[in-house]
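The next block holds one structure in the form of structure tokens; read it before the comments.
The values are calculated or read from the model by the stated rules, or taken from the named source; none is laboratory data. Remember, it's a predicted structure, so these values are computed and weren't measured experimentally. FYI the Cβ positions are ideal-geometry reconstructions off the backbone, even for glycines, and counts take in every protein chain you see. SASA here: full protein model, heavy atoms, side chains in, ligands and nucleic acids out. Shrake-Rupley method; radii C 1.70, N 1.55, O 1.52, S 1.80 Å.
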Amino acid sequence: MVENVILDKISKCVNSIRKRTSFVPDVALILGSGLGDYASNIKIECEIPYSEIEGMPTSTVQGHDGRFIFGTVGDTKVVCMKGRVHFYEGYSISDVVMPTRIMAKLGAKILFLTNAAGGVNYNFKAGDLMLITDHISCFAPNPLIGPNIDEFGVRFPDMSHVYDVHLQDILRKVAVENKIPLKEGVYCQLTGPSYETPAEIRMLRTLGTDSVGMSTVVEAIAANHMGMKICGVSCICNLAAGMNAQPLSHKEVQEAADMAAPRFTKLVTEFLKAIDKEGLTCKSI
Ligand code: HPA
């Protein structure tokens, strides 16, 4: 059965990781393109390249360094996915969410998702950080399609509060305390890899989208299915298509992510420290 193939693959990866480390993370952290340098803020206990994990999908995009990093930020135990795989690379959607499911199986109860995104909201500018309050899935297949994996969650999961309200409050508080401007809004995932057309961006804005990208939603769906608490931040790297004169480029996206990196680093670090103080990791979930 299909569910066993997926489950078997995940179990194999978890076993392969468990041969290398017994580390049990509280928080799983997924770093978006250009935000990978955050890993240097982790007190590393163990690093495992995806290529050394049997059955693990590895990223094909240049500059996407693929590895799990296990370690601590303050007293919070994290597993960080440095480099994620994207649907546009040609992987099946179940492979795209496999690392998220692996991190949940390793013990992570909270998922912190980050991404590089285009700003759709006219109040945004390149370099802004946006707390994700909700999402829209647009044309990316649902990762839960296929026989339900009952061990992970129910067939028809509720999606009313994908982004945990308490974690959102903590992030807002941390942003204020550290004087980091934080926008808020709805993130929409399309498949990519082409950027959107101006007409598509107008459509997305009409639908209630504030930022747009090529990741995150499918991982949030898989994590929500497994009962993880989710928090997400977009780094607005450009104004979306049609919103200014220049064409979009991957280089521009990376440069804007670099510009936002110090604020982003501070926000994530203080958030991770705060959730430990709040006693929110593992214990209370
Ligand atoms: N569109 C989609 N994905 C993106 C963008 C964008 O404008 N910027 C960064 N990732």
Could you list, in sequence order, the residues of segment 199-220 that are open to solvent by 10 Å² or more (accessible area, probe 1.4 Å) and away from the ligand (no atom under 11 Å from the Cβ)?
-> 199, 202, 203, 205, 206, 207, 208, 210
Odd one out for residue 238, checked against (1) closer than 25 Å to residue 99 by Cβ; (2) touching a helix residue (DSSP H, G or I) at 6+ places or on another chain (Cβ under 9 Å) = (1)
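So which residues in segment 183-195 are open to solvent by 60 Å² or more (accessible area, probe 1.4 Å), of a type outside the set (Asp, Glu) and without any contact (Cβ under 8 Å) to a residue 60 or more places away in the chain, if there are any at all?
The one that is open to solvent by 60 Å² or more (accessible area, probe 1.4 Å), of a type outside the set (Asp, Glu) and without any contact (Cβ under 8 Å) to a residue 60 or more places away in the chain: 194.
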First in segment 196-223 and within 14 Å of residue 137 (Cα to Cα), second anywhere and of a type in the set (Phe, Trp, Tyr) and open to solvent by less than 10 Å² (accessible area, probe 1.4 Å), Cβ under 6 Å, 6 or more apart | 211/187
When segment 159-190 is checked residue by residue, the ones that are within 16 Å of the ligand (Cβ to nearest atom) and either among the aromatic types (Phe, Trp, Tyr) or within 16 Å of the chain's Cα centre (by Cα) (or both) are 185, 186, 187, 188, 189, 190
Spans of strands (runs of 3 or more DSSP E) in segment 48-147 with at least 3 residues within 16 Å of the ligand (Cβ to nearest atom) and more than 13 Å from the chain's Cα centre (by Cα) | 129-137
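Looking at segment 167-285, what helices (runs of 4 or more DSSP H) fall wholly within it and have at least 1 residues that are more than 23 Å from residue 122 (Cα to Cα) and out of contact with any strand residue (DSSP E or B) (no Cβ under 7 Å at 6 or more places or on another chain)?
Correct list: 217-225, 250-277.
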Over segment 123-157, the set of residues out of contact with any Lys or Arg (no Cβ under 8 Å at 6 or more places or on another chain) and of a type in the set (Phe, Trp, Tyr) is 139, 156
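Yes/no matrix, rows are residues, columns are (1) at pLDDT 95 or above; (2) within 28 Å of residue 273 (Cβ to Cβ); (3) of a type outside the set (Lys, Arg); (4) out of contact with any Lys or Arg (no Cβ under 7 Å at 6 or more places or on another chain):
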residue	(1), (2), (3), (4)
173	yes, yes, no, yes
177	yes, yes, yes, yes
183	yes, yes, no, yes
208	yes, no, yes, yes
219	yes, yes, yes, yes
245	no, no, yes, yes
Look through 266, 273 and report the one residue that is away from the ligand (no atom under 16 Å from the Cβ), over 18 Å from the mean Cα position of the chain (by Cα), open to solvent by 10 Å² or more (accessible area, probe 1.4 Å) and on the phi < 0 side of the Ramachandran plot.
-> 273
